[in-house]
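One structure is given here, and the rest of the page talks about it.
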């Protein structure tokens with residue numbers, strides 16, 4: 001089986017309401033959908049939503065580089081995942097958003113050709129239930145409390161709260177949210193690199209009484225070499241996110257004991273191949289793992305949930321982003337059940353397609 005054609009589709013999806021973090025606000029998400037065809041007529045789907053703040057990419061940069069990567073891959077086997085990964089890295093450094101979309105499409109295609117769901121193709125079985133959290137954007141306390149109450153009313157068992165703008169005010173935010181939702185719901189927080197080190201230590205200590213599950217990326221990722229000093233003083237577990245992109249980062253963070261958990265995002269790692277290498281390190285160091293993303297559609301989050309079944313250490317799921325969009329252009333894939341539970345289809349590959357009508361509305365680029 002050889003790759004014959006790679007198609008790229010540019011799309012912008014409106015969000016139901018603004019999504020606000022310490023890194024900025026957005027009212028829509030920009031996507032690049034990728035479809036890879038093989039000489040046997042099968043095709044696989046991939047996707048990315050490039051992040052300027054984290055990956056330094058846009059849909060425009062992805063499309064500019066798409067011909068270079070595509071020409072290097074046409075004629076290659078989509079089942080040769082290591083070769084595909086290394087070939088893309090030989091063409092250009094970084095650009096993990098674009099690489100992840102291609103990598104995911106290759107895995108979808110390869111597992112379709114094998115006639116099995118992706119998790120089985122990856123050598124896994126379903127041995128756990130998956131429940132996603134739901135995110136509260138950072139903002140005025142009254143708005144955050146209202147959002148948290150709505151999440152509880154809708155049955156989600158876990159609330160993720162965006163923080164990172166003024167530690168003292170962040171404490172007030174969590175105090176008000178905890179009071180509003182009660183003691184039973186789990187609360188996890190994400191500072192998105194927003195605190196200085198002394199501020200992070202002080203804030204995390206003040207947040208301890210509110211039973212916080214963990215805190216993602218409390219300080220700037222360029223200070224990741226100082227995370228262990230922060231972690232040693234924090235009563236709340238520390239999860240590496242923006243500071244964890246590849247298996248080299250994972251090895252450094254785990255060996256130097258800089259964090260208590262990993263957050264894997266396919267758009268950071270460059271896809272499933274590298275994500276599995278990060279998981280191997282997490283397994284070796286017995287570090288719990290969360291799978292998350294960059295406000296992608298169900299393509300990425302379906303891939304996340306398949307990946308989750310390959311390791312007992314994938315224990316946290318930040319897979320709510322597809323629910324943020326006004327329109328869902330994906331047919332099939334993961335299903336949201338009651339109380340935030342996610343179910344995977346048993347169809348080959350990711351078990352999904354992108355709507356034809358939606359694709360016709362997208363700008364496209366075809367490389368063959």
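The values are calculated or read from the model by the stated rules, or taken from the named source; none is laboratory data. All figures in this text were calculated on a predicted structure; none of them were measured in a lab. For neighbour counting, all protein chains shown are included, and Cβ atoms are generated from backbone atoms with ideal geometry for every residue, glycine included.
State whether one or more residues within the stretch 328-347 are in the same structural domain as residue 71 (by TED's automatic domain parsing), surrounded by fewer than 17 Cβ atoms within 10 Å (Cβ to Cβ), in a strand (DSSP E or B) and in contact (Cβ under 8 Å) with a residue 40 or more places away in the chain.
As a first pass, look at the stretch 328-347 and keep what is in the same structural domain as residue 71 (by TED's automatic domain parsing): none.
No, the stretch 328-347 contains no residue that is in the same structural domain as residue 71 (by TED's automatic domain parsing), surrounded by fewer than 17 Cβ atoms within 10 Å (Cβ to Cβ), in a strand (DSSP E or B) and in contact (Cβ under 8 Å) with a residue 40 or more places away in the chain.
Could you tell me whether residue 288 is touching a helix residue (DSSP H, G or I) at 6+ places or on another chain (Cβ under 9 Å) and under 26 Å from residue 250 (Cα atoms)? Can you show your working first?
On the way: touching a helix residue (DSSP H, G or I) at 6+ places or on another chain (Cβ under 9 Å): yes; under 26 Å from residue 250 (Cα atoms): yes.
It is true that residue 288 is touching a helix residue (DSSP H, G or I) at 6+ places or on another chain (Cβ under 9 Å) and under 26 Å from residue 250 (Cα atoms).
Can you confirm whether residue 150 is assigned by TED's automatic domain parsing to the domain that holds residue 225, more than 20 Å from residue 23 (Cα to Cα), in contact (Cβ under 8 Å) with a residue 12 or more places away in the chain and surrounded by fewer than 23 Cβ atoms within 10 Å (Cβ to Cβ)? Talk me through it step by step, then tell me what you get.
Numbers: assigned by TED's automatic domain parsing to the domain that holds residue 225: yes; more than 20 Å from residue 23 (Cα to Cα): yes; in contact (Cβ under 8 Å) with a residue 12 or more places away in the chain: no; surrounded by fewer than 23 Cβ atoms within 10 Å (Cβ to Cβ): yes.
So residue 150 fails the test.
Filter the stretch 252-273 down to the residues that are part of a helix (DSSP H, G or I) and under 29 Å from residue 91 (Cα atoms), then identify the one that is farthest from the chain's Cα centre (by Cα). Let's see the steps before the verdict.
Taking the stretch 252-273 first, the residues part of a helix (DSSP H, G or I) are 252-255, 266-269, 272-273.
Applying the additional criterion that residues be under 29 Å from residue 91 (Cα atoms) yields 252-253, 266-269, 272-273.
Values: 252: 21, 253: 19, 266: 6, 267: 7, 268: 8, 269: 10, 272: 11, 273: 14 Å.
Within the stretch 252-273, the match that is farthest from the chain's Cα centre (by Cα) is 252.
If you check residue 302 against the conditions, is it part of a helix (DSSP H, G or I) and within 21 Å of residue 160 (Cα to Cα)?
Numbers: part of a helix (DSSP H, G or I): yes; within 21 Å of residue 160 (Cα to Cα): yes.
Answer is yes for this residue.
Output yes when any residue across the stretch 303-319 is closer than 16 Å to residue 218 by Cβ and buried (at least 24 other Cβ atoms within 10 Å of the Cβ), and no when none is. So that I can check it myself, show each step before the final result.
First pass over the stretch 303-319, keeping only residues closer than 16 Å to residue 218 by Cβ: none.
No, the stretch 303-319 contains no residue that is closer than 16 Å to residue 218 by Cβ and buried (at least 24 other Cβ atoms within 10 Å of the Cβ).
Checking the structure you have, find out if any residue of the stretch 210-228 is assigned to a helix (DSSP H, G or I), crowded, with 24+ Cβ neighbours inside 10 Å, assigned by TED's automatic domain parsing to the domain that holds residue 139 and at pLDDT 95 or above. Write out each step before concluding.
So in the stretch 210-228, the residues assigned to a helix (DSSP H, G or I) come out as 210, 221-228.
Still in the list and also crowded, with 24+ Cβ neighbours inside 10 Å: 227.
Next cut, assigned by TED's automatic domain parsing to the domain that holds residue 139 only: 227.
Narrowing further to those that are at pLDDT 95 or above: 227.
Within the stretch 210-228, one or more residues are assigned to a helix (DSSP H, G or I), crowded, with 24+ Cβ neighbours inside 10 Å, assigned by TED's automatic domain parsing to the domain that holds residue 139 and at pLDDT 95 or above.
Residue by residue, here is whether (1) closer than 28 Å to residue 42 by Cβ; (2) in contact with a strand residue (DSSP E or B) (Cβ under 8 Å, 6 or more places away or on another chain) holds:
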| position | (1), (2) |
| --- | --- |
| 263 | no, yes |
| 267 | yes, yes |
| 308 | yes, yes |
| 340 | no, yes |
| 356 | yes, no |
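Test residue 105 against the criterion of being crowded, with 21+ Cβ neighbours inside 10 Å and either at pLDDT below 95 or part of a helix (DSSP H, G or I) (or both), and give yes or no. Before you say what the answer is, go through the steps one by one.
Values: crowded, with 21+ Cβ neighbours inside 10 Å: yes; either at pLDDT below 95 or part of a helix (DSSP H, G or I) (or both): yes.
Here the answer is yes, as residue 105 does meet what is asked.
So is residue 276 in contact (Cβ under 8 Å) with a residue 12 or more places away in the chain, part of a helix (DSSP H, G or I) and farther than 21 Å from residue 95 by Cβ or not? Before you say what the answer is, go through the steps one by one.
Values: in contact (Cβ under 8 Å) with a residue 12 or more places away in the chain: yes; part of a helix (DSSP H, G or I): yes; farther than 21 Å from residue 95 by Cβ: no.
In short, no.
Inside the stretch 11-46, can you point out the residues that are more than 26 Å from residue 135 (Cα to Cα), touching a helix residue (DSSP H, G or I) at 6+ places or on another chain (Cβ under 8 Å) and surrounded by fewer than 17 Cβ atoms within 10 Å (Cβ to Cβ)?
Residue satisfying the conditions is 40 alone.
What's the number of the condition residue 166 fails, among (1) in contact (Cβ under 8 Å) with a residue 12 or more places away in the chain; (2) out of contact with any helix residue (DSSP H, G or I) (no Cβ under 7 Å at 6 or more places or on another chain); (3) on the phi > 0 side of the Ramachandran plot?
Looking at each condition in turn, residue 166 falls short on (1).
Any idea which of 123, 115, 56 is under 20 Å from the mean Cα position of the chain (by Cα) and exposed (fewer than 15 other Cβ atoms within 10 Å of the Cβ)?
Within the list 123, 115, 56, the selection yields 56.
Could you say which residue among 300, 295, 291 is at positive phi, modelled with pLDDT of 95 or more and under 17 Å from the mean Cα position of the chain (by Cα)?
Values: 300 fails: at positive phi; 291 fails: at positive phi.
After ruling out the rest, the residue left standing is 295.
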